[in-house]
Every structure is written in C-alpha cells, then in structure tokens.
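Single-structure report; data block below.
The values are calculated or read from the model by the stated rules, or taken from the named source; none is laboratory data. A quick note: this is a predicted structure, and the numbers were derived from the prediction, not measured. As a convention, Cβ positions derive from the backbone with ideal geometry for all residues, glycine included, and neighbour counts pool all protein chains shown.
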C-alpha cells in the first residue's frame, strides 16, 4: 500500500472515531443533562458527519418501530466506512 492508501486509511479511521464520538454524545444527551463541552463536541461531530449521513438519510428513511424511529442511515454509513477502510488496507 502506497502513501496515498495509508493516508486514506488513516482518514477513514479518524472519520470512524468521529462517528463513534457522535454516537456516544447522542447517548449522553439522551441520558443526562448535557454539559456545555458536550454540546460543543456534539456540534463538531455533527458538522463532520452530517454531510455524509444527510444524503443517505434522504434515500433510506428511518424505520418506524411502534413509537420509536430507528435511523438506519447512521448504521449504513458506519458499516460503509468500515468496509471502505478494510478495502483500502487490503489494497
């Protein structure tokens, strides 16, 4: 794998960490009162991930399960980044 592949793999790994941070910060916002630093971090995570998740969400609508709505767009992007990263590291 060349330098470009290594750089792309590293960027995808960082993006995966930002996705995980978004997921954790969403749970923190639901479970407890959100401190100011968490609101700021959540805003940064949303700014970095929403340009990718938003278009996927327009194509794959959230699934209604009773009174709950399950957003599959986040899951698809998360799995997609993992698959892309695996492909980059194999090449």
Tell me which residues, restricted to the stretch 67-86, are more than 17 Å from residue 24 (Cα to Cα) and modelled with pLDDT under 90.
-> 67, 68, 69
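Residue-by-condition table, conditions (1) over 30 Å from residue 6 (Cβ atoms); (2) out of contact with any strand residue (DSSP E or B) (no Cβ under 8 Å at 6 or more places or on another chain); (3) in contact (Cβ under 8 Å) with a residue 40 or more places away in the chain:
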site	(1), (2), (3)
27	yes, yes, no
31	yes, yes, no
46	no, yes, no
59	yes, yes, no
65	yes, yes, no
70	yes, no, no
89	no, yes, yes
